[in-house]
Amino acid sequence: MADKICTELLPLLVLSGLLFPGTVKFAFSTGGIASGCFGSEREALAKLKGAFADPSGWLTSWVRKGCCKWRGIVCSNLTGRVVEINLHNPYVDDNLSGNLKPGQALGGEISPSLLDLKELKYLDLSMNNFGGTKLPRFIGSLKQLRYLNLSGASFGGMIPLSLRNLSRLQYLDLSDGFAESSQNDLRWLPGLSSLRYLNLAAIDLSKAADHWLRAINSLPSLKELHLPNCFLSKLPLSLPFINVTLLEVLDLSNNNFNSTLPWWLFNLTRLIHLDLNSNNFGGPLPKSLGSLCDLRVLKLSLNDITGEITDFIDGLARCNDSKLEILDLGNNRLSGNLPDSLGNLKKLRYLQFLLNSFHGSIPRTIGNMSSLKEFYVADNSMSGIPESFGQLSTLVAVDLSENLWEGVVTERHLANLSSVTDLDLYKRSINISLAFNIAPGWIPPFKLRFLTIWSCQLGPQFPTWLRNQNDLKTVVLRNARISGTIPDWFLQLNLQLDELDFAFNGLTGMPPTSLMFVDDQSNVDLRSNQYEGPLPMWSSNVTTLYLNDNRFSGPIPPNIGELMPYLTDLDISQNALNGTIPLSIGNMANLTTLVISDNYLSGEIPQFWSNLSLLYVLDMLSNSLSGSIPSEVSFLSSLKFFILSNNNLSGKLPSSLQNCSSLYSLDLGENKFSGNIPAWIAESIPSLLILRLRSNSFTGEIPSEICHLSNLHIVDLSHNSLSGPIPPCIGNLTGLKVELTDADTVIYQGQLTVVAKGRFVQYGQSILYLVNSLDLSDNRLPGEIPEAMTNLLRLWTLNLSMTGRLPMDIGNLEWLETLDLSSNNLSGLLPPSMTALTKLNHLNLAYNDLSGKIPTTNQFLTLNDPSIYEGNVGLCGIPLPMSCPGDEKQPQSPDDGGRNSKSEDGGDDLEHIWLFLSIGLGFCVGFWGVCGTLIVKKSWREAYFGYVDRMKNKLIALIAAEKPEKIGRIEG
């Protein structure tokens, strides 16, 4: 009887007070008093093994009689009964080292024989693969269970309701345990009244949106709660009472609560770990956290929290002995200055403030944070770095990038950073407002491994404080105003690099080809310097090589493909390279980007494409290449950007281009291609965004199939010999009717030249998605402009060669900035709707047969250059000199404030001033010269009026002699 009591009570005493899986496991793994096991349990385990799929054979030990020594089995010291089954996949942890082999996870089903293990208290089947089979309901009958871990086991269906019977369960982990996305509720949860640890990560609990918190609040013993990525959407801002007052760990990350922060969460005074990141929480932070003095981890990143953080940090710092070690407020909309109280969080090891709107200086008290190891304040608007920053002797990694830093960094800012290995201080803007002024002989106390500095002044000399940095793996000194040559001492540091970036400086001399690259994916970027001489080569480990915008000359090394066979990105554009394209480039089987534009390369394009199936960007523009497009381009099935413009290529477009079905951009302009534009362009390349065939010799009609390219938003077929009408269906091009989003920028590469605003404009990849252009000018296209073209609401630029009349609804093109219809045979009146083109800033209607009055409202007030309308004899009104019928006088021009200006230098304005001065002066002299003397001198006055009387009498006598009847009227 005593043995039975001990058998029942001892495990309970061992389990009481235990929470974490490691300690629970330890309680059941201290050996056993029985060397064998009960026959019924051995038979139950054999059946369990039989139902499992065991491809790796790691249950082969389950054959001997002593089942208590089988792998993963633990028996009770007192009774010899099986109390633990631990079949956690042991190969998962090894996967972190790359040792996981396929087929090592258990699978199959769980046998009901498990119920014969009457004292089973611990069951772990985690990280196996049960292939979507349902978790059996009989699991709820294992009423002695204290520990159940089915995480990552790939069950299917829903969590069985029978789990509510496990009233003694203290640890439950079902995270990532269900392969199918079934919506689960939590009706079973309140029955687990002893639960201390609950992890349901990645379980779809959207069905429990209205009652999940009520179910959690019914577990008074709960200490750890993990519900990340559970599709939860409702979190009440207040609770009538809080029952889970023992909570120490709370993880509600990666849900979508989309509300303000519920401040009752911060009243859980025993919290040690609080993770609320990625939830779309809004509103301000709570002002006081003085009751959370045991808090070690606080994560609120990736939300929409606003306001300043001074009161919040003050509240955290108010604890006499703050234990906070991790504070993550990144990716919010917080603003203001970082408060001085930050320096009171002396145990803080990880501080994350990136992607907010903080400004001002890093507080000087930061030097007091003697435990800080990682500090991230990137992507803010901060401007000052105090010298006390240099006191952070424990700091290992710091990211200060993408801010507005200004001033000077001296050795005092770096004086005691003895532990720093990672330093990021980059700014993509070309503006430089932060300079390094470090004494040439200063030796830093740190040994950097990763150094990234962009757009800060380090030059003009190469920074000598790097002289002892022989542990560097990444060296990025970009746009740092460094000139001259790289010193020999840097080349002799014997660095083992994975990245070298000295782009956008003024470096000369020999490129650093002697540096070693040991990583199998290393990057070299020396673009936009002043390097000269032959094109340099590096070791085969280099995978990305950017040498564009230098002064390299001579041929591309013929063996480049053998020297650097693993290149993925090669850009040698904007140099002075000549000769032909080497055949060995065809050996670069991993090549995704090949940019050799803006050189002096000649000859034909080689037939070496069969091995370049991964090629994504091919840019050969502005060379002297001749011949035709090789047929082997049919192997480029992954090609997205095909750019061959401004060469001497000729012939018809090969049908092999049809296999490049993934193209986004096809730019063959400024060549000598001929023949018809093939209809298969639309049929075989449906994803096309840009079609540029300008300045070739294409003939025939524009194929109507082009209307099927619904994503097209840049179309340039100008300066060819195309004939026939414009297909009316061109108004169906969705890409010219809808607005793309910022997310679309990622698919663009390189630059594109578009005729806009009367000139060639080059647009980079960051803005190409916004450009909407249609250019069909300088062709032989008869007929009128299709009315359907007015449906292209997002059109920016429209250049046409047409006849007939302008569409009456042309005003629908409200985004139009450039309209060029010059040198055509257009006739008729200007449609009144044109005044709705309020974004129009370039208009050319010259040399047509248009007639009527030029509008004088909206944008037409600014379009006052007469050359816009010249050559249209029927047009009248401002800014032309011809007035329209019915106009009483020429209206005032908006540029001269009521004066008809004829020149830009204001010459006529000066003439007007002199005219008015002359009239005024003449009036004064004439009036007062005559009338003034008559008033002052009486004799002159009498002589003047006597003269007037005599002249009057003579006039009367003359008239009377001719017509006496008029005398009476005159005298009257």
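Summary of values
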| read-out | value |
| --- | --- |
| Tensor-based shape of the stretch 557-686 (alpha-carbon gyration tensor, a/c under 1.5 rounded, otherwise prolate or oblate) | oblate |
| By average C-beta atoms within 10 angstrom, highest first, the peptides 37-43, 768-774 | 768-774, 37-43 |
| Sites SER684 and THR580 - FRET efficiency at Förster radius 30 Å, r taken between beta-carbons, to 0.05 | 0.50 |
| Exposure proxy order (Cβ contacts within 10 Å, fewest to most) of SER111, SER721 | SER721, SER111 |
| Cα-Cα over 26 Å, subset of LYS69/LYS121; LYS346/LYS473; LYS49/LYS223 | LYS346/LYS473; LYS49/LYS223 |
| The stretch 520-589 - Rg and Dmax from Cα coordinates, angstrom | 11.3, 31 |
| 5 angstrom amide H check on GLY871, placed H, neighbours 5+ away | TYR847 |
| Candidates per trypsin sites (Lys or Arg not before Pro) in the stretch 785-890, loop by DSSP, up to 11 other Cβ within 10 Å | LYS889 |
| Whether the stretch 255-402 is rounded, prolate or oblate, judged on the alpha carbon gyration tensor where a/c under 1.5 counts as rounded | oblate |
| Base-10 log of normalised Debye intensity for the stretch 219-284 (one unit scatterer per alpha-carbon) at q = 0.15, 0.20, 0.24, 0.25 Å⁻¹ | -0.45, -0.82, -1.17, -1.25 |
| Label point distance in nm, ASN494-ASN648, each placed 7 Å from Cα along Cα→Cβ | 5.3 nm |
| ALA415 paired with SER710, simple spin-label distance in nm, labels 7 Å along Cα-to-beta-carbon | 6.7 nm |
| In Hz, Karplus ³J(HN,Hα) per residue of the stretch 183-191 (6.51, -1.76, 1.60; θ = phi - 60°; x = Gly, Pro) | 7, 10, 10, 10, 5, 7, 5, x, x |
| Interchain or long-range residues, amide H under 5 Å from PHE52's placed H | GLU109 |
| Integer Hz, Karplus 6.51/-1.76/1.60 couplings in order for the stretch 775-783, x for Gly and Pro | 10, 10, 6, 6, 10, 10, 9, x, x |
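Every number in this text was worked out from the coordinates using simple rules, so none of it is lab data. Model, not experiment: these values are computed from the prediction. So basically every Cβ, Gly included, is an ideal-geometry build from the backbone, and we count neighbours across all protein chains shown.
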